[in-house]
Amino acid sequence: MAKSDPETYSDEETKARAEAALKRMLATPHKPHEKLKKGAKPASRRAKG
């Protein structure tokens, strides 16, 4: 077996990592945009004038 770079993964590991990331993403509940920023006031339209 050839010496491999520690920052590269085998095809099997790459596939396993991609599948795990996809599963994590799909298992994470959606957060509406307004709830992402703590303490931020909702955007409102300014009157022209």
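Nothing in this text is a laboratory measurement; each read-out follows from the coordinates by a stated rule. Source: prediction; values computed, not measured. Ideal geometry is used to build each Cβ from the backbone, glycine not excepted, and the neighbour counts take in all protein chains shown.
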Margin query: I need the phi-derived Karplus couplings for the stretch 23-34: 6.51 cos²θ - 1.76 cosθ + 1.60, θ = phi - 60°, integer Hz, Gly and Pro marked x.
Written below: 4, 4, 4, 6, 7, 7, x, 6, 10, x, 4, 4
Notebook entry, point to check: What does the highest-first list of 10-18, 23-31 look like by mean Cβ count within 10 Å?
Noted result: 10-18, 23-31
